């Protein structure tokens with residue numbers, strides 16, 4: 001079965017610093033990969049997705065992620081953190097033996113941004 | 001468009017009580033989903049409906065039932081609530097084809113005493 005591992009349940013950065021949130025997946029076939037963001041007391045909102053086109057995917061709010069098949073990774077980055085980026089971020093995968101209609105989520109990484 | 005709506009937003013139940021969580025989407029999506037979110041565990045799929053008239057179990061279906069009432073609506077029922085079902089419940093929908101993302105509702109926070 002497919003799985004997603006997000007390294008670090010909490011990541012702290014200073015405002016203006018680089019944001020790097022890590023995601024590794026396991027899949028027997030090329031998957032579809034997603035990053036979602038959840039602000040406090042809200043539902044999940046799509047940041048970006050990889051669907052086998054360009055390996056560098058740009059999303060909303062200045063975030064991007066790079067699909068690296070050799071490393072089975074899909075890390076999320078943003079060059080300069082803003083206070084408004086403080087939220088919980090989830091990586092998810094679909095496709096392969098899970099089927100494309102279901103998403104398997106990682107356990108999430110809470111991003112803390114200090115002034 | 002409202003997207004995905006859920007009712008109620010909050011609910012407190014006593015052990016053994018029953019309730020139904022309602023979900024509706026106005027995007028003409030084929031697939032709908034129910035998840036629960038617990039601290040440190042991400043989102044776990046309870047049930048899903050790939051298309052109108054079908055439902056399937058997800059990762060954690062025990063203690064729940066679902067009904068796909070029509071293409072727009074997908075309800076989740078707790079027949080006899082237990083404290084272990086205290087959680088935040090999210091409904092989502094998707095066009096249902098390869099590579100499509102899921103769109104989430106705002107959630108229902110349920111406490112079972």
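The numbers here are math on the coordinates, done by the rules we state, and not lab data. Because the structure is predicted, anything quoted here is derived from the model rather than measured. Don't worry about glycine lacking a Cβ; one is built from the backbone with ideal geometry, like all the others, and counts go over all protein chains shown.
A few notes on this one:
- Only Cα sites of the stretch B:60-113 enter the Debye sum here, all with the same form factor; the resulting log10 I(q)/I(0) across q = 0.13, 0.17, 0.18, 0.22 1/Å is -0.41, -0.67, -0.73, -0.99, listed in q order.
- Result for chain B in a Gaussian network model with C-alpha springs under 10 Å: among B:100, B:62, B:28, the largest mean-square fluctuation is at B:100.
- Stretching the chain fully between residue B:19 and residue B:7 yields a gain of 3.2 nm (0.36 nm per residue, less the alpha carbon separation).
- FRET efficiency for the residue B:26 to residue B:69 pair, using the beta carbon distance and R₀ = 22 Å, is estimated at 0.95.
- Dividing the C-alpha radius of gyration of the protein assembly as shown by 2.2 N^0.38 Å, with N its residue count, gives 1.01.
- Fraction of beta bridges assigned by DSSP in the protein assembly as shown that are antiparallel (%, nearest 5): 90
- Extension reserve of the residue A:55-residue A:3 stretch, reckoned as 0.36 nm per residue once the Cα distance is removed: 16.7 nm
- Size of the stretch A:1-99 as Cα extents on the principal axes (Å, biggest first): 39, 27, 22
- Residue A:71-residue A:46 pseudo-label distance in nm [points 7 Å out on the Cα-to-Cβ vector]: 2.5
- The calculated Kirkwood hydrodynamic radius for the stretch A:32-81 is 11.5 Å, given to one decimal from all distinct C-alpha pairs.
- By the Cα gyration tensor, chain B has an equivalent ellipsoid whose semi-axes, rounded to whole angstrom, run 23, 14, 13 from largest to smallest.
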